[in-house]
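Student: Sharing a structure, written as C-alpha coordinates. Questions coming.
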Amino acid sequence: VASEHEVVAVLTRPDAPSGRGRRPRPSPVKERAVALGLPVLEPASLRTPEAVTLVQDLRPDCVPVVAYGALVPRDLLDVPTHGWVNLHFSVLPAWRGAAPVQHALMAGDEVTGATTFRIDEGLDTGPVLGSLTETVRARDTAGDLLQRLAVAGADLLTATVDGLADDRLVPVPQPADGVSHAPRLSTDDARVRWEHPAVAVD
(Lines give C-alpha, C1' and ligand atoms only; values in the text may rest on other atoms or scores of the structure.)
Protein backbone atom coordinates (compact mmCIF):
# COMPACT_ATOMS: atom_id res chain seq x y z
CA VAL A 1 0.00 0.00 0.00
CA ALA A 2 1.42 3.38 -0.97
CA SER A 3 2.26 5.68 1.92
CA GLU A 4 4.20 8.90 2.26
CA HIS A 5 5.29 8.15 5.81
CA GLU A 6 8.94 7.40 6.52
CA VAL A 7 9.62 3.95 7.96
CA VAL A 8 12.51 4.50 10.38
CA ALA A 9 12.86 0.81 11.33
CA VAL A 10 11.06 -2.52 11.37
CA LEU A 11 10.56 -4.29 14.69
CA THR A 12 10.03 -8.05 14.46
CA ARG A 13 10.61 -11.26 16.36
CA PRO A 14 14.09 -12.86 16.22
CA ASP A 15 14.73 -15.61 13.66
CA ALA A 16 12.94 -18.79 14.71
CA PRO A 17 13.72 -22.49 14.07
CA SER A 18 11.85 -23.73 11.02
CA GLY A 19 11.69 -26.71 8.67
CA ARG A 20 12.94 -30.25 9.15
CA GLY A 21 16.42 -29.11 10.12
CA ARG A 22 15.02 -26.63 12.67
CA ARG A 23 17.43 -24.01 11.38
CA PRO A 24 16.80 -20.39 12.37
CA ARG A 25 14.90 -18.59 9.61
CA PRO A 26 13.90 -14.95 9.32
CA SER A 27 10.24 -13.97 9.33
CA PRO A 28 8.70 -12.78 6.04
CA VAL A 29 8.54 -9.32 7.63
CA LYS A 30 12.30 -9.32 8.17
CA GLU A 31 12.97 -10.65 4.67
CA ARG A 32 10.89 -7.85 3.12
CA ALA A 33 12.50 -5.18 5.33
CA VAL A 34 16.01 -6.36 4.42
CA ALA A 35 15.08 -6.37 0.71
CA LEU A 36 13.93 -2.75 1.07
CA GLY A 37 17.09 -1.74 2.92
CA LEU A 38 15.24 -0.89 6.13
CA PRO A 39 16.88 -1.24 9.57
CA VAL A 40 15.56 -4.30 11.42
CA LEU A 41 15.26 -4.54 15.21
CA GLU A 42 14.87 -8.03 16.72
CA PRO A 43 14.76 -7.83 20.51
CA ALA A 44 13.86 -11.13 22.17
CA SER A 45 11.58 -9.15 24.49
CA LEU A 46 10.26 -5.60 24.68
CA ARG A 47 10.55 -5.74 28.47
CA THR A 48 14.31 -5.22 28.68
CA PRO A 49 15.97 -1.80 29.21
CA GLU A 50 17.83 -2.34 25.92
CA ALA A 51 14.57 -2.78 23.97
CA VAL A 52 13.07 0.32 25.58
CA THR A 53 16.17 2.34 24.63
CA LEU A 54 16.05 0.99 21.05
CA VAL A 55 12.51 2.29 20.56
CA GLN A 56 13.08 5.57 22.41
CA ASP A 57 16.12 6.35 20.28
CA LEU A 58 14.02 6.04 17.10
CA ARG A 59 11.60 8.74 18.39
CA PRO A 60 8.72 7.36 16.28
CA ASP A 61 5.53 9.35 15.70
CA CYS A 62 3.52 6.13 15.45
CA VAL A 63 4.22 2.40 15.66
CA PRO A 64 1.87 0.37 13.42
CA VAL A 65 1.58 -3.25 14.61
CA VAL A 66 0.36 -6.35 12.75
CA ALA A 67 0.41 -9.84 14.30
CA TYR A 68 3.38 -9.12 16.56
CA GLY A 69 2.19 -11.55 19.21
CA ALA A 70 3.59 -9.88 22.34
CA LEU A 71 2.21 -7.30 24.74
CA VAL A 72 3.82 -3.86 24.67
CA PRO A 73 5.04 -2.83 28.14
CA ARG A 74 3.83 0.36 29.81
CA ASP A 75 7.28 1.98 29.43
CA LEU A 76 6.92 1.92 25.66
CA LEU A 77 3.23 2.69 25.11
CA ASP A 78 3.65 6.45 25.48
CA VAL A 79 6.87 6.79 23.47
CA PRO A 80 5.23 7.45 20.06
CA THR A 81 3.21 10.67 19.73
CA HIS A 82 0.27 8.77 18.21
CA GLY A 83 0.84 5.55 20.14
CA TRP A 84 1.14 1.95 18.98
CA VAL A 85 -1.63 1.24 16.46
CA ASN A 86 -2.65 -2.38 15.98
CA LEU A 87 -4.40 -3.91 12.96
CA HIS A 88 -6.55 -6.71 14.38
CA PHE A 89 -8.53 -9.13 12.21
CA SER A 90 -11.98 -8.86 13.78
CA VAL A 91 -14.52 -6.12 14.45
CA LEU A 92 -13.68 -5.36 18.07
CA PRO A 93 -14.75 -6.02 20.75
CA ALA A 94 -15.51 -9.40 19.11
CA TRP A 95 -12.72 -11.97 19.08
CA ARG A 96 -10.01 -10.32 21.13
CA GLY A 97 -6.89 -12.48 21.14
CA ALA A 98 -4.44 -14.47 19.05
CA ALA A 99 -6.75 -16.31 16.61
CA PRO A 100 -9.70 -14.08 15.67
CA VAL A 101 -10.15 -15.35 12.11
CA GLN A 102 -10.18 -18.99 13.15
CA HIS A 103 -12.63 -18.37 15.99
CA ALA A 104 -14.97 -16.38 13.73
CA LEU A 105 -15.10 -19.37 11.37
CA MET A 106 -15.49 -21.88 14.19
CA ALA A 107 -18.41 -19.86 15.57
CA GLY A 108 -20.12 -19.70 12.17
CA ASP A 109 -19.99 -15.89 11.94
CA GLU A 110 -21.46 -14.57 8.72
CA VAL A 111 -19.58 -11.27 8.90
CA THR A 112 -16.19 -10.39 10.36
CA GLY A 113 -13.68 -7.67 9.54
CA ALA A 114 -10.67 -5.75 10.76
CA THR A 115 -10.10 -2.99 13.28
CA THR A 116 -7.32 -0.52 13.93
CA PHE A 117 -6.99 0.55 17.54
CA ARG A 118 -4.55 2.24 19.89
CA ILE A 119 -2.81 -0.36 22.01
CA ASP A 120 -3.21 -0.05 25.78
CA GLU A 121 -2.20 -2.37 28.60
CA GLY A 122 -5.08 -4.80 28.01
CA LEU A 123 -5.43 -7.53 25.40
CA ASP A 124 -6.98 -5.86 22.33
CA THR A 125 -8.94 -3.48 24.57
CA GLY A 126 -7.73 -0.08 23.32
CA PRO A 127 -9.86 2.62 21.67
CA VAL A 128 -10.87 2.07 18.05
CA LEU A 129 -9.52 4.25 15.23
CA GLY A 130 -11.06 2.54 12.20
CA SER A 131 -12.80 -0.63 11.05
CA LEU A 132 -14.09 -2.52 8.04
CA THR A 133 -16.32 -5.53 7.54
CA GLU A 134 -15.89 -8.62 5.39
CA THR A 135 -18.50 -11.24 4.52
CA VAL A 136 -17.56 -14.79 5.47
CA ARG A 137 -18.13 -16.98 2.41
CA ALA A 138 -19.57 -20.48 2.69
CA ARG A 139 -16.36 -22.22 1.61
CA ASP A 140 -13.86 -19.92 3.35
CA THR A 141 -10.91 -21.42 5.17
CA ALA A 142 -8.98 -19.33 7.70
CA GLY A 143 -6.32 -18.84 5.02
CA ASP A 144 -8.85 -17.55 2.48
CA LEU A 145 -10.40 -15.11 4.90
CA LEU A 146 -7.11 -13.92 6.34
CA GLN A 147 -5.76 -13.23 2.84
CA ARG A 148 -8.70 -10.93 2.04
CA LEU A 149 -8.52 -9.24 5.43
CA ALA A 150 -4.78 -8.69 5.10
CA VAL A 151 -5.22 -6.86 1.77
CA ALA A 152 -8.15 -4.75 2.96
CA GLY A 153 -6.49 -4.27 6.35
CA ALA A 154 -3.34 -2.82 4.78
CA ASP A 155 -5.47 -0.04 3.28
CA LEU A 156 -7.23 0.48 6.62
CA LEU A 157 -3.94 0.71 8.51
CA THR A 158 -2.50 3.21 6.03
CA ALA A 159 -5.67 5.32 6.21
CA THR A 160 -5.49 5.21 10.01
CA VAL A 161 -1.88 6.40 10.11
CA ASP A 162 -2.76 9.14 7.59
CA GLY A 163 -5.70 10.21 9.74
CA LEU A 164 -3.58 10.33 12.89
CA ALA A 165 -0.90 12.38 11.15
CA ASP A 166 -3.54 14.88 10.00
CA ASP A 167 -5.31 14.96 13.40
CA ARG A 168 -8.52 13.72 11.73
CA LEU A 169 -9.12 10.67 13.93
CA VAL A 170 -10.59 10.55 17.41
CA PRO A 171 -10.14 7.24 19.26
CA VAL A 172 -13.50 5.74 20.31
CA PRO A 173 -13.65 3.46 23.38
CA GLN A 174 -14.79 -0.09 22.66
CA PRO A 175 -18.31 -0.95 23.84
CA ALA A 176 -18.68 -3.09 26.94
CA ASP A 177 -21.17 -5.37 25.15
CA GLY A 178 -20.27 -7.94 22.50
CA VAL A 179 -16.89 -8.93 23.92
CA SER A 180 -15.64 -12.37 22.90
CA HIS A 181 -12.23 -13.99 23.09
CA ALA A 182 -10.09 -15.84 20.55
CA PRO A 183 -7.26 -17.61 22.36
CA ARG A 184 -4.43 -19.36 20.55
CA LEU A 185 -5.60 -22.65 19.02
CA SER A 186 -4.66 -25.99 20.55
CA THR A 187 -4.27 -29.42 19.00
CA ASP A 188 -7.64 -30.33 20.48
CA ASP A 189 -9.29 -27.46 18.55
CA ALA A 190 -8.25 -29.18 15.31
CA ARG A 191 -9.98 -32.48 16.09
CA VAL A 192 -13.05 -33.28 14.00
CA ARG A 193 -16.14 -33.99 16.11
CA TRP A 194 -18.05 -36.36 13.84
CA GLU A 195 -21.07 -36.25 16.13
CA HIS A 196 -21.51 -32.50 15.35
CA PRO A 197 -23.79 -31.23 12.55
CA ALA A 198 -22.34 -31.40 9.03
CA VAL A 199 -21.85 -27.61 8.81
CA ALA A 200 -19.70 -27.67 11.96
CA VAL A 201 -17.66 -30.64 10.71
CA ASP A 202 -17.13 -28.83 7.40
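The values are calculated or read from the model by the stated rules, or taken from the named source; none is laboratory data. A quick note: this is a predicted structure, and the numbers were derived from the prediction, not measured. Don't worry about glycine lacking a Cβ; one is built from the backbone with ideal geometry, like all the others, and counts go over all protein chains shown. Surface accessibility is based on the protein's heavy atoms, side chains included, excluding ligands, DNA and RNA. Shrake-Rupley method; radii C 1.70, N 1.55, O 1.52, S 1.80 Å.
Student: Just the accessible area per residue of the chain, please: how many Å² with a 1.4 Å probe?
Tutor: Numbers: 12410 Å² over 202 residues.
Dividing the accessible area of the chain by its residue count gives 61 Å².
Student: If you put +1 on each Lys and Arg Cβ and -1 on each Asp and Glu Cβ, how big is the dipole of the stretch 27-120 around its Cα centre, in Debye rounded to 20?
Tutor: Details: 7 positive and 10 negative charges, 6 e Å.
For the stretch 27-120, the charge dipole is close to 20 debye.
Student: Something else now. Can you pull the accessible area of HIS5 for me, 1.4 Å probe, Å² to the nearest 10?
Tutor: Only protein atoms counted, so the area is about 80 Å².
Student: Sorting check: for 122-132, 8-18, 88-98, which peptide has the highest mean count of neighbouring beta carbons within 10 Å, and how do the rest follow?
Tutor: Numbers: 122-132: 18.0, 8-18: 14.4, 88-98: 21.9.
For the peptides 122-132, 8-18, 88-98, the packing ranking is 88-98, 122-132, 8-18.
Student: Here's another thing I want to ask about it. If ligands, DNA and RNA are left out, what is the accessible area of VAL29 with a 1.4 Å probe, given in Å² to the nearest 10?
Tutor: Using a 1.4 Å probe on the heavy atoms, I get roughly 80 Å².
Student: Let me ask something else. Anyone know which of ALA104, ALA159, ALA138 comes out most mobile in the 10 Å Cα GNM of the chain?
Tutor: Greatest mean-square fluctuation among the candidates belongs to ALA138.
Student: While we're on this one: Could you tell me which of SER90, SER27, LEU71 has its Cα farthest along the dipole of the chain towards the positive end, charges placed at Cβ (Lys, Arg +1; Asp, Glu -1), taken about the Cα centre?
Tutor: Toward the positive end, the furthest listed residue is SER27.
Student: Using a simple charge model, +1 on the beta-carbon of Lys and Arg, -1 on the beta-carbon of Asp and Glu, nothing else, what dipole does the chain show about its Cα centre, in debye to the nearest 20? Present the calculation step by step, with values, prior to reporting the outcome.
Tutor: Numbers: 19 positive and 27 negative charges, 173 e Å.
Dipole of the chain, to the nearest 20 debye: 840 debye.
Student: Here is a follow-up. So which trypsin sites (Lys or Arg not before Pro) in the stretch 106-202 are both in a DSSP loop and have at most 16 other Cβ atoms within 10 Å of their Cβ? Spell out each step's value before the answer.
Tutor: On the way: sites: ARG118, ARG137, ARG139, ARG148, ARG168, ARG184, ARG191, ARG193; in loops: ARG137, ARG139, ARG168, ARG184, ARG191, ARG193.
Those that pass, being in a loop and sparsely packed, are ARG137, ARG139, ARG168, ARG184, ARG191, ARG193.
Student: Please report, in debye to the nearest 20, how large the charge dipole of the stretch 107-172 is about its Cα centre when each Lys and Arg carries +1 at its beta carbon and each Asp and Glu carries -1 there. Intermediate values should be presented prior to the final figure.
Tutor: Details: 5 positive and 12 negative charges, 36 e Å.
The calculated dipole for the stretch 107-172 is roughly 180 debye.
Student: For the chain, with all protein chains present and a 1.4 Å probe, just round the carbon and sulfur fraction of the accessible area to a whole percent.
Tutor: Working: 6630 of 12410 Å².
For the chain, the apolar C and S fraction of the accessible surface comes to 53 percent.
Student: Explain nothing, just the number: relative contact order of the chain, from Cα pairs under 8 Å at least 6 residues apart, as a whole percent.
Tutor: Values: 307 pairs, mean separation 35.7, N = 202.
Computed over the chain, the figure is 18 percent.
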